[in-house]
1. Quick check on this structure: which one of A:Glu40, A:Glu57, A:Glu61 is free of Cβ contacts under 8 Å to residues at least 12 places away in the same chain and either under 15 Å from the mean Cα position of the chain (by Cα) or within 14 Å of chain B (Cβ to nearest Cβ) (or both)?
2. For B:Gly255, indicate whether it is more than 18 Å from B:Glu333 (Cβ to Cβ), without any contact (Cβ under 8 Å) to a residue 40 or more places away in the chain and not in a helix (DSSP H, G or I).
3. Out of the helices (runs of 4 or more DSSP H) lying entirely within the range B:275-365, which hold 1 or more residues that are surrounded by 15 or more Cβ atoms within 10 Å (Cβ to Cβ), aromatic (Phe, Trp, Tyr) and in the same structural domain as B:Lys203 (by TED's automatic domain parsing)?
4. What are the pairs with Cβ atoms under 6 angstrom where one residue, in the range B:453-479, is in a loop (DSSP other than H, G, I, E, B) and the other, located anywhere, is basic (Lys, Arg)? Sequence gap at least six, or different chains.
5. Does any residue of the range A:151-161 turn out to be part of a strand (DSSP E or B), within 14 Å of chain B (Cβ to nearest Cβ) and within 21 Å of A:Val18 (Cα to Cα)?
6. When the residues of the range B:460-513 are filtered to those that are among the charged types (D, E, K, R) and surrounded by fewer than 24 Cβ atoms within 10 Å (Cβ to Cβ), which remaining residue is farthest from B:His400 (Cα to Cα)?
7. Pairs under 7 Å by beta carbon, first residue assigned by TED's automatic domain parsing to the domain that holds B:Thr100 in the range B:43-58, partner among the hydrophobic types (A, V, I, L, M, F, W, C) and assigned to a loop (DSSP other than H, G, I, E, B), six or more apart or different chains?
8. Being at pLDDT below 90 and either touching a helix residue (DSSP H, G or I) at 6+ places or on another chain (Cβ under 9 Å) or crowded, with 21+ Cβ neighbours inside 10 Å (or both) narrows it down to one residue among B:Glu536, B:Glu577, B:Glu559; which is it?
Amino acid sequence: MENKQFVIGVIVSNVSGVLSRVSGMFTRRGFNIDCLTVGETESKEFSRITVVFHGDEEIKERIVRQLEKLHDVKEVEVLAPNETVIRDLLLIKVRNTPATRQDIMTAVEIFRSKIVDYSPTALICELTGETSKINAFIELMKPYGIMEMCRTGLVAIERGDNCLKTNS
Amino acid sequence: MRISGAKIVVETLIEQGCDTVFGYPGGQVINLFDELYLNSSRINHILTAHEQGAAHAADGYARATGKVGVCIATSGPGATNLVTGIATAYLDSVPMVAITGNVPCSLIGRDSFQEVDIVGVTMPVTKHNFIVRDIRELADTIRNAFKIAKSGRPGPVLVDIPKDIQTGTWDFEAKKDPVRPYPLSFASESKLRQAAEMIKNAKRPYIYFGGGIISGKASAELLRLAEKIDAPVGCSLMGLSAIPSDHPRFLGMNGMHGHYASSVALDEADLVIALGVRFSDRATGKKERFNKNFRIIHIDIDNAELDKNITSNLAVQGDIKDALFRLIPMLTEVSRPEWDERIEELRREEAERLESAANSAFAKRCDNCTHKCGRSDMIEENHLTPYQIIDIISEKADEHDIVVTDVGQHQMWAAQRYPLKNPRTFLTSGGLGTMGYGMGAAVGASAAEGRRTILFTGDGSFGMNLNEMATAVSQNTPLIVVIMNNGVLGMVRQWQTLFFDKHYSNTTLARQTDFVKLAEAFGAKGARVFNAEELEKAAAEAFAHNGPFLIDCAVDCNEFVLPMLPPGGSIEDIITEIK
């Protein structure tokens, strides 16, 4: 069966243990998570989790139904790729040398990245975008010497006025 | 009124209609037990021998009554001892609230004495669980636990209450009524119309139901549907007791150890109407083969069960009683003489196979028996067969007596053979298959209404939690324990016979336990029987006895549970005779 990527938005009660419940469901039912992010919403009663995973339609359906069954889960929506704004954020620390500095600066400009820290030996770039753009930037930085990096994982929100409810 | 947290717990339990709780005291629930002491005229606490027994007792109480069962344990080992019982209830969708004490909030996370993160431990085996860190939320959390436990598809909920929450004080006002479950969800009209259309086009429909018919109280609707569309009915292990075993449309349980006619009819059907059943692997065997011949309409209250194990052709989410109530008028009454005739043929075939299997087993009994069970006493001409034991006991029993089983061969024999009449009279650990379930469950089931319970168990299963005999004696439970004692762990041994070249690894018990003396040591009565005549006599005594009575029945270790669909196999692989 076709193996494709799914991005789902999950509204959960903002209570302790909720992340364990959601991630635990994936573990114990044998579903793999590519990436999971969690953060605040416009209401302090709810948090929003974005989960990215690979699978076929059947697996997606099972995941959605199992999530909906969790008591702390209020709403689940599979986000259609074409109708969704998806972003990942990268912080990357690259070696700073007089020989490479200018090349890095050029790449930063082209990718609309930002330099957020600068020292004689290292600089930190910040980049937001879709996964492919971030991956391309990382590839580009490799020759200059990546000292350290971290990514937030995906957050996603639907275009238009359709919303995941936080008023149940 | 401002009262202690411990009192809030007890008052909330009473408010929720809880009359009996099962538990075991300990350091972090001592305040709670003080309140149970002070309120013993309003709420009955039954002390078990082990927390696992308390969890199974709460489960048995819930299965027998349909009410929420409650168990209480202290922190750490008390709480972890509940886990098997909670998991048992989870797998079989039994409404339960488990209350555990924990160390004071200030000591949590420091590996304090008897501290365990029981919320973390039980997360995968509860419907939901809570730790109460604020006394202001205590009463509502317990109410919420009851609400979740009994809503939709029932299940266990755990509430962990640190000691300082119990000793603190807060305002409490009892609510007039117990919490109501969340509103039921109802099947969509269009889905039901589609179902009706599929049924109309079917030639050989087969109704397959599970425990959902019992918890959804839909027995009458189920039978009306079967009558109207002239269909045979089969069930899963959890479905047993929903309709009378002798109902003319009922073919019995299907699946791994199901009735031959029931399993074959399922395979020959062109439409399976699956009601409140979850297509466990023990029921379906090889999934790719299972639904090769038929289409499936699957109706269940739990949306997550639809298309989980088997992909159906029509999945309908909603309350089963309502769905059937609305579906039936959409159907026209039909009769299917050809399908009926085929079903009758299968029934005759089943009877013949049963007879020939019994004869061949008799001839081969303990032939070349090389194992060291030291049970030469059983190799008698007129020794007891498992079915005979069940028949003799059931003839003496009342239809309202509650039948409980442990797990293994005896469980399957009881499931196949015991004539059940009323819903909630057959309690067994189906999903988790918990050996040792029976003693606790029997005590709990009887505690609810004082009804007699009959526990069918094996010498293996009974050995796991026989300490609850002490509880049965302290409660003077009207309990008849029937041990099918074959000196071996029979079910595993059966697999070893069939699939492991008779390598009887660790299934020959070679124990020398005298179960009659054991019963007497506990303060119960007991008898050991080798043949039908002795069993008749012992059973008469047991049924007349006021209190627990153990009957140790000698059974041949070469008795097999048949038929058998091998694990991961299909109907073509059915074993009806041991060569």
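The values are calculated or read from the model by the stated rules, or taken from the named source; none is laboratory data. The shown structure was predicted, so the numbers you read here are calculated from the model rather than taken from an experiment. Neighbour counts run over all protein chains shown; Cβ positions are idealised from the backbone, glycine included.
1. Details: A:Glu40 fails: free of Cβ contacts under 8 Å to residues at least 12 places away in the same chain; A:Glu57 fails: free of Cβ contacts under 8 Å to residues at least 12 places away in the same chain.
Only one candidate qualifies: A:Glu61.
2. Taking the combined requirement at face value, the residue does not satisfy it.
3. Details: elements: B:281-284, B:287-290, B:320-327, B:337-364.
Because the criterion is at least 1 residues that are surrounded by 15 or more Cβ atoms within 10 Å (Cβ to Cβ), aromatic (Phe, Trp, Tyr) and in the same structural domain as B:Lys203 (by TED's automatic domain parsing), the helices (runs of 4 or more DSSP H) in the range B:275-365 that meet it are B:287-290, B:320-327, B:337-364.
4. B:Pro478/B:Arg452
5. The answer is no; no qualifying residue exists.
6. Checked the range B:460-513; the qualifying residue farthest from B:His400 (Cα to Cα) is B:Asp501.
7. B:Ile43/B:Cys18
8. Result of the check over B:Glu536, B:Glu577, B:Glu559: B:Glu577.
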